[in-house]
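Structure first, then comments.
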Amino acid sequence: MSRHYDQGEKLTYHMTGSNQEWRYKIDANGAVKKDAGGKFYEEYAWSGMISDNAAYSLPEASQQFRQKLSLEPDVSLSVPDLSHLDPKIIGPITDLLTIYSDLWLANKMAIFSKAGDHFYFKSGTPNSWADGNYVLLGQDSIDFDLTLTKVDQANQTATLVVRHVPPQNPEIKIPADWMRAPVADTPNNWVEVEKHGEKKIVAEVGKETFEVEINVSLKNGKIISAKIDNPVQVLSRDCEDLELSRCGEPKRFQIRRKIEIK
């Protein structure tokens with residue numbers, strides 16, 4: 001499944017997503033480039049957003065943003081600076097990064113060759129999607145459970161399934177004692193603190209899992225399509241202070257996000 005790049009190659013992905021009641025579509029238009037060290041990467045611009053069946057015009061800073069991704073095994077991937085971007089494209093940016101990171105990890109290990117090959121990778125290092133403006137704290141901590149589920153030699157494709165699961169000892173930041181008790185059947189591995197207006201802080205904690213299915217070309221390692229199923233079991237409280245000490249009654253619910261790229 002290793003990636004074989006051609007400089008100048010054009011790539012376009014159409015993403016569809018649902019996040020609770022919100023539905024959206026957006027395009028990532030990219031090209032293969034080479035950095036000063038001779039390493040290949042893919043550079044994407046985001047455009048054409050449809051939010052709840054209506055065209056949505058991204059602000060200039062979000063239109064000018066370029067996301068750099070790579071499946072080169074010795075090129076590290078990281079979350080870009082999200083502080084100046086429209087909140088509506090933060091999800092698409094981090095979801096595309098998730099898909100690339102999962103395939104990058106599988107290729108980095110170089111142990112997958114036949115259907116049924118499996119590996120459990122302990123990580124735990126927290127990932128952040130905080131932008132500093134609306135999301136003051138946003139972290140999850142996960143391990144990776146990877147399985148090569150299918151190899152189709154006739155069509156020269158392979159299917160990789162990566163489950164993101166809570167580690168034994170998640171490393172997320174817990175800003176208040178009331179957020180420590182497990183919300184579900186594992187230690188809490190997801191936390192988010194958001195500003196809602198001038199006086200309201202929404203603090204949430206819980207259990208998050210992902211199941212990511214990636215369809216890969218065996219000809220050149222390009223991602224053909226991918227799906228993400230991302231449920232979160234949440235305990236939420238509305239608070240009046242940044243210390244999260246003056247808070248209302250807890251509410252429990254599930255967030256369910258589903259994303260697909262082609």
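The values are calculated or read from the model by the stated rules, or taken from the named source; none is laboratory data. Not measured: the values here are computed from a predicted model. Glycine also receives a Cβ, built like all others from the backbone with ideal geometry; neighbour counts cover every protein chain displayed. Just so you know, the surface numbers come from the protein's heavy atoms only, side chains and all, with ligands and any DNA or RNA stripped out. Shrake-Rupley method; radii C 1.70, N 1.55, O 1.52, S 1.80 Å.
Looking at the range 34-88, the accessible area is 53 square angstrom per residue; that uses a 1.4 Å probe and ignores ligands, DNA and RNA. Bridging of residue 33 to lysines at a Cα separation below 19 Å is possible for 10, 68, 222, once same-chain residues fewer than 8 apart are set aside. A simple rule links phi to the HN-Hα coupling: the Karplus curve 6.51 cos²θ - 1.76 cosθ + 1.60 with θ = phi - 60°, which for the range 16-26 gives 10, x, 9, 9, 6, 8, 7, 10, 8, 9, 7 Hz, with x for Gly and Pro. Each label point was placed 7 Å from the Cα along the Cα-to-Cβ direction; for residue 115 and residue 18 their separation is 2.9 nm. Proximity of backbone amide H atoms, modeled 1.01 Å from N, is registered between residue 137 and 193 at under 5 Å, excluding neighbours fewer than 5 places apart on the same chain.
The dipole here belongs to the chain: it is taken about the Cα centre, uses +1 on the Cβ of Lys and Arg and -1 on the Cβ of Asp and Glu, and is about 580 debye.
Computed from phi, the 3J(HN,Hα) profile of the range 71-85 under the Karplus parametrisation 6.51, -1.76, 1.60 (θ = phi - 60°) reads 9, 5, x, 9, 10, 7, 9, 8, 6, x, 5, 9, 5, 9, 9 Hz, with x in place of Gly and Pro.
Given their separation in residues at 0.36 nm each and the Cα-Cα distance between them, residue 246 and residue 2 gain 82.7 nm when the chain is fully extended.
Applying the Karplus relation 6.51 cos²θ - 1.76 cosθ + 1.60 with θ = phi - 60° to the range 209-220 yields 3J(HN,Hα) values of 9, 10, 10, 10, 10, 10, 9, 10, 6, 7, 6, 9 Hz, where x marks Gly and Pro. In this structure the range 110-262 gives 52 Å² per residue of accessible area when probed at 1.4 Å with all protein chains present.
For residue 9 and residue 253, a Förster radius of 45 Å and the Cβ-Cβ distance give a FRET efficiency of 0.55, rounded to the nearest 0.05. Averaging the sequence gap over all C-alpha pairs within less than 8 Å and six or more residues apart, then dividing by the number of residues, gives the chain a relative contact order of 16 percent. Of the GluC sites (Glu not before Pro) found in the range 135-233, the ones in coil according to DSSP and having at most 16 other Cβ atoms within 10 Å of their Cβ are 171, 198.
Which of [x] 1.11; [y] 1.04; [z] 0.93 is the computed Cα Rg over 2.2 N^0.38 Å for the structure on display? Structure-derived value, by its label: [y].
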